[in-house]
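Here the structure is laid out as structure tokens; the discussion comes afterwards.
The values are calculated or read from the model by the stated rules, or taken from the named source; none is laboratory data. Since the structure is predicted, the reported quantities are computational estimates derived from the model, not experimental observations. Cβ sites come from the backbone with ideal geometry, for glycine too, and all protein chains shown count toward neighbours.
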Amino acid sequence: MTTSHLNRRALLGAAAALGASALPAMAQTKTVLRISTPAVPDDWHAKMWTVFKEQLEKTAPGEFDVQINLNATLFKQGTEPAAMARGNLELSSISAFDIAKLVPEFSIFTAGYVVRDPDQQQKIFNGPIGAELFKLVSEKMDVTPLATVYLGTRQVNMREAKPVKTPADLKGVKLRMPGSKEWLFLGEALGATATPLAFGEVYMGLKTGTIDGQDNPLPSVRAAKFYEVTKQLVLTSHLVDGIFIAISNKSFNALTAAQKQKVTAAAQAAAAYNNENRIKEEGQLVEFFKKEGLQVITPDVNAFRSTVQTAYQNSEYAKVWPKGLLDRINATK
């Protein structure tokens, strides 16, 4: 064998070795995006994260390592915004109630009977109102909202059936609410005794009688199987609920402009998937729950609306709502 052949073989071997050693380094360049959510696997809110991951695999192959953590296994529900602000978590879905703790102006969306329906919800947050408020969120919370997710219209779900026509009929009812003061205020405004409890503990709380009821959108009631341990749905329709796919500013600012666009587009595709399926399912669920043996009643919604709105108008929350914002929301059609 000639010297030139030996040199060529040596060069090829060196190149192969270099390529092999470079592979782990290339793999390490993937940007890790950890997602923490309290959603259960059967919920559209959980399934949408798979859509997010698949979209990025299509539009940015090899660029991201998307890690989905359901059932609040990575961070406890309600602690995600702080984790993102500290840079300990990349992505999560945050509620208006989470946001209102640090951005008081946002508390208007924690009030009952403000947003009319999911269509208006999207128009609000995809328009000038959303742009203004999301800018405040980014500045005050160090997270960037990417898309608005329709969680559903919240209804009251009771462990035992009882006549409910007005808020007075909920007096003394231990109604589970998430733990923030904004959520608890809403529960009290509905006439109940608001009782804080983590989402993952609600099923057992209903089963054992620790709580008398809970409020959630119908798709969440089905996904978490609360219908197995409750006997009644009261269609108060007190809150058109939404959450926001958000990314930590630390993570977002580390992306290239092209990556930011791809991540934002993936979040919007995930939200659209959730919204379409959730709205469709929501329309079918009353009959499902009736077949499961639940009593479904419609109370005097006007009485609930009047009582709840009066409670908010007389509260500290209304004092921090930007002047004219409620009128702008009402004018969004």
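For the reader, a short list of remarks on this structure follows.
- Contact annotation: residue pairs with Cβ atoms under 9 Å, 6 or more positions apart or on different chains, pairing a residue in the range 144-159 that is within 10 Å of D241 (Cα to Cα) with a partner that is outside any strand (DSSP E or B) and among the basic types (K, R), are V149/R278; Y150/R278; L151/R278; G152/R278.
- Answer from T166, T195 - the residue that is farther than 26 Å from P81 by Cα and either touching a strand residue (DSSP E or B) at 6+ places or on another chain (Cβ under 9 Å) or surrounded by fewer than 22 Cβ atoms within 10 Å (Cβ to Cβ) (or both): T166
- Scanning the range 227-239 for residues that are surrounded by fewer than 23 Cβ atoms within 10 Å (Cβ to Cβ) and over 17 Å from K165 (Cα atoms) returns Y227, E228, V229.
- Any hit, the range 267-282, residues being closer than 29 Å to K171 by Cβ, of a type outside the set (A, V, I, L, M, F, W, C), in contact (Cβ under 8 Å) with a residue 24 or more places away in the chain and not in a helix (DSSP H, G or I): no
- Where helices (runs of 4 or more DSSP H) fall wholly inside the range 1-99, the ranges with 2 or more residues that are at pLDDT below 55 and charged (D, E, K, R) are 3-28.
- Identity of the residue in the range 261-284, modelled with pLDDT under 95 and among the acidic types (D, E), that ends up surrounded by the fewest Cβ atoms within 10 Å (Cβ to Cβ): E281
- Counting only helices (runs of 4 or more DSSP H) that sit wholly inside the range 112-197, those with at least 1 residues that are modelled with pLDDT of 95 or more and of a type in the set (S, T, Y) are 128-141.
- I211 being closer than 28 Å to E292 by Cβ, in contact with a strand residue (DSSP E or B) (Cβ under 6 Å, 6 or more places away or on another chain), of a type in the set (A, V, I, L, M) and at pLDDT 95 or above: yes
- E228 vs. criteria touching a helix residue (DSSP H, G or I) at 6+ places or on another chain (Cβ under 9 Å), farther than 21 Å from G130 by Cα and modelled with pLDDT under 95: no
- Of everything listed in (1) under 21 Å from I68 (Cβ atoms); (2) touching a residue at least 60 places away in the same chain (Cβ under 8 Å), the single unmet condition for K260 is (2).
- Residue within the range 111-120 that is of a type in the set (S, T, N, Q) and buried (at least 20 other Cβ atoms within 10 Å of the Cβ) present: no
- Per the conditions (1) buried (at least 23 other Cβ atoms within 10 Å of the Cβ); (2) of a type outside the set (A, V, I, L, M); (3) over 16 Å from the mean Cα position of the chain (by Cα), the sole criterion not satisfied by E90 is (3).
- Qualifying residue in the range 250-260 (condition: in a helix (DSSP H, G or I) and in contact with an Asp or Glu (Cβ under 6 Å, 6 or more places away or on another chain)): yes
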